Amino acid sequence: MSEFDGKSVLITGGGSGIGLATARRLVAAGAQVTLAGRDADRLAKAAQELDAGAQVLTVTADVASTADIDELMSQIKARFGGLTGVFANAGIGLNARTADVTEADFDQVVGTNFKGAFFTVQKALPLLADGSSIVLNASWLVHRGMGAGSLYAASKAAVLNLARTLAPDLADRQIRVNTITPGHIRTEMFDAVTGNDQVREFFRGQVAIGRIGLPEDIADAVLFLLSPKASYITGQELIVDGGMTGSVAA
């Protein structure tokens, strides 16, 4: 019997990168998985790659829209009946100096990264079984400042604090809430922000362990937090960054 047999987990931002890598791990461990994302074609490709039939549900949804989240939860209830885990992974980046950030930028980044995480959790609560686990995705930028990342970093700092406050809020139902904080991870978003191999090499040089992380590195940590192995862990942050935020690369 696999560890996640009979479990139902929602992954937002599930069509690629960390979300899709986590879905692969969960499907292999026996879970029913719902992938939510804005790009229907990307979700269809992800479902085809997972090749798990009715074990996987894909729902096109923008987590910045509460109406979309309502429809997402409705489809999860109809297919799987409920949830035992949520990975609020959906997020967008913005590489811009503070003086250049527009109101539209602010609304988009905060709407996806913070508002989206908050209402994903809130609207999942009626479906979540007591004793479930919630994992929110933060960023190494909550610990190290970067001049062109003020808005993105602030939105992720809000996510980190949200997990800490949700943990006691939901403790009466034994629902655990934790944060995963990735370092530099080789995803489409990372490639878009870094732009070229020279910049990527600069970022790699910041990592004590000497390599850019893979989506699977984060997925393995998320599965731990979702699993019964983490049953006494809540309100915590698990940093998975190759030592970048806590160490100096030699």
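Brief remarks follow.
- Debye, to nearest 20: dipole size of region 8-231, +1 on Lys, Arg Cβ, -1 on Asp, Glu Cβ: 580 debye
- Max mean-square fluctuation residue, GNM over the chain, Cα-Cα springs under 10 Å, options T181, T102, T234: T102
- Cα-projected label distance for A249 with Q108, points at 7 Å along beta-carbon direction, nm: 2.9 nm
- Value of Rg to Rh for region 19-149, rounded to two decimals, is 1.00; Kirkwood radius and Rg both from alpha-carbon coordinates.
- Region 105-167 - convex hull of the alpha-carbon atoms, volume per residue in Å³: 73 Å³
- Here region 223-250 and region 1-70 have alpha carbon centers that stand 22 Å from each other.
- Qualifying chymotrypsin sites (Phe, Trp or Tyr not before Pro) in region 174-250, where qualification requires a DSSP coil assignment and no more than 12 other C-beta atoms within 10 Å, comprise Y232.
- Fully extended contour minus Cα-Cα distance, from Q75 to F203, at 0.36 nm per residue: 42.1 nm
- Mean Cα-pair separation over length for the chain, i.e. relative contact order, pairs under 8 Å, 6 or more apart, %: 19 percent
- Length available on full extension from A28 to D51: 0.36 nm per residue minus the Cα-Cα distance, which gives 7.2 nm.
- Ellipsoid fit via the Cα gyration tensor, region 8-231: semi-axes of 27, 19, 18 Å, each the root of five times an eigenvalue, largest first.
- Mean Kyte hydropathy of 0.0 or more with a Cα span along the axis of at least 18 Å, helices from DSSP in the chain: 150-169
- Net charge over other residues, Cβ less than 15 angstrom from the Cβ of H184 (K, R count +1; D, E count -1): -1
- Helix-only arithmetic for the chain: the sum of -39500 (n - 2.57) across DSSP H runs with n ≥ 4, divided by the residue total, places the mean residue ellipticity at 222 nm at -12500 deg cm²/dmol.
- Relative intensity of region 124-250 on a log10 scale, I(q)/I(0) at q = 0.20, 0.21 Å⁻¹, equals -1.14, -1.21, per a Debye sum over C-alpha point scatterers of equal strength in the absence of solvent.
- Debye-sum result for region 56-132 in log10 I(q)/I(0), which assumes one identical scatterer on each alpha carbon, at q = 0.11, 0.21 Å⁻¹: -0.34, -0.91
- Residue exposure proxy: K229, K45, K115, ordered by other Cβ atoms within 10 angstrom of their Cβ from fewest to most, comes out as K229, K45, K115.
- Ranked by the mean number of other Cβ atoms within 10 Å of their residues, highest first, the peptides 2-9, 166-173 come out as 2-9, 166-173.
- Counted charge near V240, where neighbours are those whose Cβ lies closer than 9 Å (Asp, Glu -1; Lys, Arg +1): -3
- The modelled label-to-label distance between V101 and E188, using points 7 Å beyond Cα along the C-beta direction, is 2.5 nm.
Any read-out appearing in this document is the output of simple, stated calculations on the displayed coordinates, not a laboratory observation. A quick note: this is a predicted structure, and the numbers were derived from the prediction, not measured. Cβ: placed from backbone, ideal geometry, glycine included. Neighbour counts: every protein chain shown.
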